[in-house]
Every structure is written in structure tokens, then in C-alpha cells.
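Reading through the C-alpha cells given below for one structure.
The values are calculated or read from the model by the stated rules, or taken from the named source; none is laboratory data. Not measured: the values here are computed from a predicted model. With ideal geometry, Cβ positions are generated from the backbone for all residues, glycine too; neighbour counts draw on all protein chains shown.
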Amino acid sequence: MRAPGRSGAGSDRALGLDEHAERSSVAQRQADRWLICGSLLIGTAALGVFGLPLFLRGVWLQRRAARQGLSVRPVIITLIGYLVIIDAAINTVGWALDLVGNHTLLGRVLLVGWGNMFDAGYFWHYNELWVGGAAGPGEKGWEVGLILTVFTMRIAAGIGFLQMKRWGHQWLIVTCWMGVVIWIGYVFNMTMYADVRFAGVVLPVIGWWLYDIFYITPFLAIPYLHTVNREIFSD
């Protein structure tokens with residue numbers, strides 16, 4: 001015959017675990033709401049200044065939940081997943097605007113202004129190609145190829161990674177290494193056509209490095225992705 005006290009203790013323990021799981025889930029959802037809103041705004045590039053405070057509040061909420069002992073997603077996984085999505089979204093939105101929205105007022109103001117400040121490939125013969133938009137050598141090939149492949153793959157991989165899925169982890173490794181190839185190729189393309197890309201701009205090579213250096217941040221995740229315990233990701 002089971003002792004009544006032991007049965008009550010087991011019930012209390014189960015209730016405590018259920019309550020802990022519920023509180024953890026609520027805390028994670030609350031943090032993710034702020035993180036998602038911030039990421040959406042930052043991903044547009046133009047509204048990034050409004051999205052950054054929301055994103056930072058989401059990170060703070062998650063760190064607070066972790067300090068309270070709740071079972072939330074590791075902060076490093078949150079940062080890597082969301083930053084990969086933001087990186088891919090900024091490239092996708094900016095290049096899609098140049099590819100299909102190059103005759104819009106927004107495109108002609110933002111992209112030509114960008115060309116005048118940093119990269120003359122977006123100023124030189126702008127909207128004179130049959131496709132329209134930037135006429136910098138090789139730029140359209142990068143835009144079409146990467147929007148349709150790597151950047152969409154990176155967004156999907158980032159979502160799966162945040163959901164702690166094993167396929168998300170695997171595809172994030174693949175797309176991060178693809179990002180290395182892209183970065184090296186793009187730097188070489190810019191260097192080969194430096195007379196077009198950097199001639200007459202306000203901030204030439206120094207300005208280009210000021211924004212392009214941030215594109216190496218996904219590569220910094222590669223050592224972590226290869227060494228993290230894969231058992232924490234579910235099938």
C-alpha cells in the first residue's frame with residue numbers, strides 16, 4: 001500500500017514541473033515577440049533604428065528568464081538565429097528593391113543615395129540596363145543568384161535553428177559556409193571593378209568596409225555550429 005504522503009509529494013512535483021514548463025513557455029514567447037518585431041524592422045534596413053531597441057528588449061527578457069531559472073532557449077542560439085535571419089533579410093530587401101523596384105521613388109532615392117555615398121555601382125548608369133537598377137559589373141548576377149538561393153535558405157535555416165530543429169542546425173552550417181564563398185567573391189568583384197565602384201563617392205573604400213565588415217558576422221558562428229552538442233536539437 002502506497003503511503004499517502006509520497007503520493008502527494010509526487011503530485012506536487014508533477015504540478016511544479018508543469019508550472020515551470022508553462023512559465024518557461026510564456027517567457028520564451030514574450031521574448032520572441034519583441035525579437036521578431038525588432039528583426040522585422042531591422043530587416044528592412046531603413047527602419048533598423050526603430051527595430052534595434054525592440055530587439056535588445058527581447059534579448060534582455062530572455063536573459064532575465066534564464067537568470068530566473070526558467071527553461072528558455074540558450075541566448076547564444078537566439079542571437080545566432082535572429083542575426084542570421086536579419087542579415088539575410090537586409091540583403092534580400094535591399095537587392096529586391098534594386099531588382100524589381102528600381103523605378104520607384106523609394107528605390108531611386110535610397111539606392112542612388114547609397115551609390116553616391118558608398119558604392120558607385122548603384123550610381124553609375126543607374127536604370128540604364130534592360131533590367132534596370134544598379135549597373136555595377138556583376139551586381140545583377142549576385143542579386144538574382146543569391147536572392148533565389150542562399151538568402152532564402154538562410155532565413156529558413158535560421159527559423160529552424162531557433163525552433164531547435166536538427167535540420168535548422170545542419171542547414172545553418174551549410175549556408176554559413178556558402179556565406180564565406182559569397183563574401184570572398186563579392187570582395188574580389190568590388191576590387192576588380194574598383195574604378196567603377198569607388199570613383200567619385202563620398203566614402204569610398206573606408207566607407208565600404210564600415211558596412212561590409214558586418215557581413216562577416218555569420219562566419220563567426222561557424223566554430224560554434226561545429227562544436228555545439230547536437231543532441232540539444234530535435235528531429
Residue count, region 96-117, condition in a loop (DSSP other than H, G, I, E, B) and either touching a residue at least 60 places away in the same chain (Cβ under 8 Å) or surrounded by 14 or more Cβ atoms within 10 Å (Cβ to Cβ) (or both), comes to 2
| said: Taking the conditions exactly as written (outside any loop (DSSP other than H, G, I, E, B) and either surrounded by fewer than 20 Cβ atoms within 10 Å (Cβ to Cβ) or hydrophobic (A, V, I, L, M, F, W, C) (or both)), does Gly158 satisfy them or not? | reply: no
Matching residues in region 219-235 (in contact (Cβ under 8 Å) with a residue 40 or more places away in the chain, assigned to a helix (DSSP H, G or I) and of a type outside the set (D, E, K, R)) number 7
The residue that is nearest to the chain's Cα centre (by Cα), considering only those in region 197-235 that are surrounded by 14 or more Cβ atoms within 10 Å (Cβ to Cβ), of a type in the set (A, V, I, L, M, F, W, C) and over 15 Å from Ile77 (Cβ atoms), is Trp208
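Consider region 117-133. How many of its residues are closer than 17 Å to Gly101 by Cα and within 24 Å of the chain's Cα centre (by Cα)?
1
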Report task. Using the structure shown, decide if Arg63 is of a type in the set (Lys, Arg) and either on the phi > 0 side of the Ramachandran plot or assigned to a helix (DSSP H, G or I) (or both). Result -> yes
Residue set Gln62, Gln30; condition under 19 Å from the mean Cα position of the chain (by Cα), over 30 Å from Leu106 (Cα atoms) and at pLDDT below 95; output residue Gln62
TODO: Please tell me if Leu70 is buried (at least 16 other Cβ atoms within 10 Å of the Cβ), closer than 20 Å to Leu162 by Cα and within 20 Å of the chain's Cα centre (by Cα).
DONE: no
Those residues of region 143-152 that are touching a residue at least 60 places away in the same chain (Cβ under 8 Å) and not β-branched (Val, Ile, Thr) come to a total of 1
Expected output for region 40-54 (first residue farther than 15 Å from Asn91 by Cβ, partner surrounded by 13 or more Cβ atoms within 10 Å (Cβ to Cβ) and aromatic (Phe, Trp, Tyr), Cβ below 6 Å, 6+ apart or cross-chain) is Leu41/Phe50; Leu54/Trp34
Of (1) surrounded by fewer than 18 Cβ atoms within 10 Å (Cβ to Cβ); (2) touching a residue at least 60 places away in the same chain (Cβ under 8 Å), Thr78 fails just (1)
By residue number, the members of region 152-170 that are out of contact with any strand residue (DSSP E or B) (no Cβ under 9 Å at 6 or more places or on another chain) and farther than 12 Å from His226 by Cα are Thr152, Met153, Arg154, Ile155, Ala156, Ala157, Gly158, Gly160, Phe161, Leu162, Trp167, Gly168
Being more than 27 Å from Leu83 (Cβ to Cβ) and in contact (Cβ under 8 Å) with a residue 12 or more places away in the chain narrows Phe161, Phe123 down to just Phe123
